[in-house]
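The values are calculated or read from the model by the stated rules, or taken from the named source; none is laboratory data. As the structure is a computational prediction, the values presented were derived from the model and not from experiment. No Cβ is skipped: glycine too gets one built from the backbone with ideal geometry, and neighbour counts run over all protein chains shown. For the accessible areas, the whole protein counts, side chains as well, though only heavy atoms, and no ligand, DNA or RNA atoms are used. Shrake-Rupley method; radii C 1.70, N 1.55, O 1.52, S 1.80 Å.
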Amino acid sequence: MIGVDIIGISRIRKAVEKEAFVERVFTPSERTYCDGKSDPAASYAGLFCAKEAAVKALKCGFGGGIMPADIEIGHDTAGAPILCPRGKAADLICGCRADVSISHDGDYAVATVMLTPNKC
């Protein structure tokens, strides 16, 4: 299963000005990660895309018990993004291998999530 999303960084730059948006969509560790970057909005946009790509791969979208903060995007020791699902999202992923890729170019961020069944 695969999901892809793209978004304008300027759109997220406006959205993250609202603390309620940031708190609803991003986990505390994601906020720490993004706020530590030279352009936090670009990082927030990349993580937002990865969350959207993940629910597209799950073919469920947000709602129905899955909230954006249930799909946490962490990073491994090399800095590569990793999917850290919580709650119902973790139940739906049910041990599948999750590969995440995030890219930025100009005013756009794009992300792809591929879920490969291995224990499902």
Residue in region 41-55 that is of a type outside the set (Val, Ile, Thr), surrounded by fewer than 19 Cβ atoms within 10 Å (Cβ to Cβ) and out of contact with any helix residue (DSSP H, G or I) (no Cβ under 7 Å at 6 or more places or on another chain) present: no
Within region 4-40, considering residues that are among the acidic types (Asp, Glu) and in contact with a helix residue (DSSP H, G or I) (Cβ under 6 Å, 6 or more places away or on another chain), the one least open to solvent (accessible area, probe 1.4 Å): Glu30
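Could you grab me the full set of residues in region 23-39 that are among the polar types (S, T, N, Q) and within 19 Å of Leu83 (Cα to Cα)? Give the derivation first.
Applying the first criterion (among the polar types (S, T, N, Q)) to region 23-39 yields 27, 29, 32, 38.
If the condition is that a residue be among the polar types (S, T, N, Q) and within 19 Å of Leu83 (Cα to Cα), then Thr27, Ser29, Thr32 are the ones that fit.
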